[in-house]
Amino acid sequence: MDIKLHKQATTTPKIRAEIQAAASSITDSELARQYGVSPATIRRWRYRDDVHDRPHTRHNLLATLTSEQEEMLVAAREFLRLGLDDLLVVAREFLNPRLSRSGLHRMLQRREVPTLAELARQDAGNDGKPRHKPFKDYEPGYVHIDIKHLPQMPDEDQKRYLYVAIDRATRWVYLEVRRSQSAKDAKAFTKRVEEKAPFTIQTVLTDNGKSFTDRFTRGGERKPSGRHPFDQECQAHGIDHRLIKPGRPQTNGMWSGSTAASARYCRPVAIRQARTWSKRSNVTLGCTIITSLRRRCIISHRSRR
């Protein structure tokens, strides 16, 4: 039996049960002398229904973030594989500038969010090696777009969806929370990405969902028809829309694109691109997390626009 006691506990579960079973005719002072504890300890355990220590965490948590903001940060952590410092930059810039690093860390622990090391082990095979190869280097403009379901909030009548766009080369990130995952919303999101991106988007990679393609929809063919609203939006901006291979969702996982070299030698820098926050309407976030070694590539690419 696994019993966890506070470091300064003066009683065991067995003694606590004996205290609770003591006759009512015995006073608290008499029990305190019998067990060598204070009367306050006797009163604490005599009138409880259990014999287990309670957590020291306060009952009314003074959380800096709302439940919706916490869900967004948890999704960003798991989907984008952002470290604590990178996640703190995003949270301070676009959600709450008063959020502390320790507060963010406590929130992740309270929600039992896996660490990056644990997520890496989940991505690895039985032999400990990654299940897929890292991406090769690309010029800025190769953007991954995906949609993640967000839990329905207690005060909402429907769930919402987190739209994510991330550039392979620069790690530029753009997020929006929308009320549906329809083709219309996916098209509008892509238009916003094109407007906010600090570079020319050349290629967009998505999965085979109905939000992005008619490749596997009812009545559709094995190849995209080009008539899907998302395809039409890409064509209007001269963007090459590519689809991942069926059955390989990891292809659209940008956390595999970061290399060990950039993690060792590059310091993340955050550049704010957009900020809009409304509790009852769309939530949009935009952020660039780039490395100092990539900045010259961004500047030179922007000058060619």
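Bear in mind these aren't lab numbers, they're just calculated from the coordinates by the rules spelled out. From a predicted model like this one, the values you see are computed outputs, not experimental measurements. Heads up, the Cβs are rebuilt from the backbone with ideal geometry, glycines too, and the neighbour counts pull from every protein chain shown.
Here are the numbers for this structure:
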{"item": "Centroid-to-centroid separation of region 142-204 and region 65-92 [C-alpha atoms, Å]", "result": "15"}
{"item": "Residue 38 paired with residue 101, simple spin-label distance in nm, labels 7 Å along Cα-to-beta-carbon", "result": "3.7"}
{"item": "Links that overshoot a 19 Å alpha carbon limit, given the list 187/210; 159/184; 148/187; 148/184; 187/245; 148/223", "result": "187/245; 148/223"}
{"item": "Segment residue 54-residue 225, extension gain: residue separation times 0.36 nm, minus the distance between their alpha carbons", "result": "55.5 nm"}
{"item": "Cβ-derived FRET efficiency at R0 22 Å, residue 119 paired with residue 203, nearest 0.05", "result": "0.25"}
{"item": "Difference of contour (0.36 nm per residue) and Cα-Cα distance, residue 12 to residue 242", "result": "76.5 nm"}
{"item": "Three-way shape label, region 67-218, alpha-carbon gyration tensor, a/c 1.5", "result": "rounded"}
{"item": "Distance in nm between pseudo-label sites at residue 67 and residue 155 (7 Å out along the Cβ direction from Cα)", "result": "1.0"}
{"item": "For region 95-127 and region 6-50, distance of Cα centres in Å", "result": "40"}
